[in-house]
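Report on the structure given below.
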Number of protein chains: 2
Amino acid sequence: MASVLPASKRSMRSDRNTYVGKRFVHVKNPYLDSMDEDILYHLDLGTKTHNLPAMFGDVKFVCVGGSPNRMKAFALFMQKELRLEEAEEDIKDICAGTDRYYMYKTGPVLAISHGMGIPSISIMLHELIKLLHHARCCDVTIIRIGTSGGIGIAPGTVVITDIAVDSFFKPRFEQVILDNVVTRSTELDKELSEELFNCSKEIPNFPTLIGHTMCTYDFYEGQGRLDGALCSFSREKKLDYLKRAYEAGVRNIEMESTVFAAMCGLCGLKAKSTLIKPQTF
Amino acid sequence: MASVLPASKRSMRSDRNTYVGKRFVHVKNPYLDSMDEDILYHLDLGTKTHNLPAMFGDVKFVCVGGSPNRMKAFALFMQKELRLEEAEEDIKDICAGTDRYYMYKTGPVLAISHGMGIPSISIMLHELIKLLHHARCCDVTIIRIGTSGGIGIAPGTVVITDIAVDSFFKPRFEQVILDNVVTRSTELDKELSEELFNCSKEIPNFPTLIGHTMCTYDFYEGQGRLDGALCSFSREKKLDYLKRAYEAGVRNIEMESTVFAAMCGLCGLKAKSTLIKPQTF
């Protein structure tokens, strides 16, 4: 994996560690404080079984992606970038007691896999946010890294999401709470988008743009693919849909960004963005 | 893992192999026939790279579940049940080239993991259905096995789903196709439900019932849990919701059954059901 952060940005990142403002990661659940123990079921961690502040208190960056193998590769890459090669401990899966998610920590960077789709990343985010809250983490930046389908852009282009939209090109996430539908905002941090975009300009041959990312519940019928087990639309209808998506500002399609934006926005992970490298379309 | 199939049912299962009617697994996509190659991306299989009829043509039963480890354990269990211990080949992950899903085959039984949530199982089902179609499989029974939250039933009870309902207790799956919403039926095969229920009666201490299964997009806010990072409802509202679910016939909650029922129903996997062992609530 090639280095993506130029030297100048590496030093900038060090500055962040001396940042004095404290934005704590917070939960929005009045019941949590009164609980004797909080078990993070799908991460195989808990407040009674693990010393979460000692394990995670220094986390400043969280990177999430669908595939376990890629997140391990990313953690190894960060270990090298942060010059932590000399550390005695290997990169081990912190969630080894479960096969739902995989988690790796290297210095202040936490890397976690989230599987595919909104429900899968949503479970992980609930438990990750509680973990960061229990560990009393502050000023945490979270970035989702993943593959996606690009629309009207060259393959290999990196899209930094400014806003996540749903299948109807609306900047919203519809959360079903019991049997009520609540609409949440999916705007992402503008400052971080610009910061990441500026980083990209310093790297040769690293085509990058800022645009809207469309999040669907389905990979085949939902994204206009003609090669699923089910396909009821024509090639023309598909192209018309993708054209309308492009006109609405969409530059790529994936399956997690709306709930990612909504949940992080509600819980004080203020500096966040999604960075996606389109592969197909 | 204890044996769940009594001897009488094992022989009945053999009868099925001699069944002469042929219900082929079919796709509903006019574009597939004209494709030179069909790549099943997330299974790391394809029509040009693999001889799918030779590899999978004898498949009669497909069992799917969220966790890779559990599906491997299930495949090993079936190997023993089918008295295939003497087979030279080990149980190996057929999708070893990807970490998205895990697949194991033992005799006529295929076991596949699907991750968590509707989008994740939906991707796998599209590619599994195409696989069974390309392999010219017929008379295939598919069963989803997984944990779930029971409602108003003793922990450990197995629920055999007769019909999957959404968060509003409706027997439907709303599929977004491009930007249109299409409603699909979520009814499951009645005959198989009865067959599985009769099996359970022959096993001592195996509490089992047939009921509706509710499928949600979210584990925490969607299922009335009070211990997520976000919780905006009262304990009373939660209990009222679960009570209304019970009155509507719901006996357990999970996160995949509606799309499982809808897709299998459309593609000729006629003999199917969901069998779930509730753990919590």
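The numbers here are math on the coordinates, done by the rules we state, and not lab data. What you see is a predicted model; the values in this text were computed from it and never measured. Cβ sites come from the backbone with ideal geometry, for glycine too, and all protein chains shown count toward neighbours.
Provide a whole-number value for the mean count of partner chain Cβ atoms within 10 Å of the Cβ atoms in peptide A:214-221.
Details: counts 0, 1, 4, 9, 9, 9, 8, 9.
Mean shielding by partner chains, rounded to a whole number: 6.
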When you look at the Cβ of every residue in B:230-242, what mean number of other chain Cβ atoms sits within 10 Å? 4
In whole Å, how far is the Cα centre of the stretch B:122-157 from that of the stretch A:223-242? 25
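Averaged across B:177-184, how many Cβ atoms of other chains sit within 10 Å of each residue's Cβ atom?
Details: counts 12, 16, 10, 7, 2, 2, 0, 1.
That average works out to 6.
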Under 5 Å from the placed amide H of A:LEU40, counting only residues 5+ away or on other chains, we find A:LEU45, A:GLY46, A:THR47
Rounded to the nearest 10 degrees, the helix A:118-134 long axis (Cα) sits at an angle to the longest Cα principal axis of chain A of 20
Structure shown: which of A:LYS28/A:LYS48; A:LYS72/A:LYS238; A:LYS22/A:LYS201; A:LYS28/B:LYS170; A:LYS28/A:LYS92; B:LYS28/B:LYS60 lie over 25 Å apart, alpha-carbon to alpha-carbon? A:LYS72/A:LYS238; A:LYS22/A:LYS201; A:LYS28/B:LYS170; A:LYS28/A:LYS92
CD proxy, 222 nm, chain A: helix-only mean residue ellipticity via -39,500 (n - 2.57) per DSSP H run with n ≥ 4, per residue, nearest 500, stands at -9000 deg cm²/dmol
Computed over the stretch A:24-139, Cα set: Rg, Dmax in Å: 13.9, 43
May I ask what percent, to the nearest 5, of DSSP beta bridges between residues of chain B are antiparallel? 40
Options A:PHE169, A:TYR41, A:LEU125, ranked by Cα towards positive dipole end of the protein assembly as shown, top entry (Cβ charges): A:PHE169
Would you mind telling me which residue in A:ALA229, A:ALA262, A:ALA135 has the biggest mean-square fluctuation in a Gaussian network model of chain A, where springs connect alpha carbons within a distance under 10 angstrom? A:ALA229
Of the trypsin sites (Lys or Arg not before Pro) in the stretch B:96-182, those whose Cβ has at most 13 other Cβ within 10 Å and which sit in DSSP loop: B:ARG136
Could you pull out every residue, at least 5 positions away or on a different chain, whose amide H is within less than 5 Å of the one on B:CYS95? Hs are placed 1.01 Å off N in the peptide plane, and Pro or chain starts have none. B:MET103
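Subtracting the Cα-Cα distance from 0.36 nm times the residue separation, let me have the gained length for A:ARG184 to A:ARG244 in nm, one decimal. Don't skip to the end; give the middle numbers.
Numbers: separation 60, 0.36 × 60 = 21.60 nm, distance 2.32 nm.
That works out to 19.3 nm of additional length.
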What percentages, rounded to whole numbers, describe P(r) for the protein assembly as shown computed over all alpha carbon pairs with 10 Å bin width beginning at zero? 3, 17, 28, 27, 17, 6, 1, 0
Using only the alpha-carbon atoms, how far is helix A:190-201 inclined from the longest principal axis of chain A? Give it as 0 to 90 degrees, nearest 10. 80
A:GLU195 and B:ALA154 label points (each 7 Å along its Cα→Cβ direction) are spaced in nm at 5.6
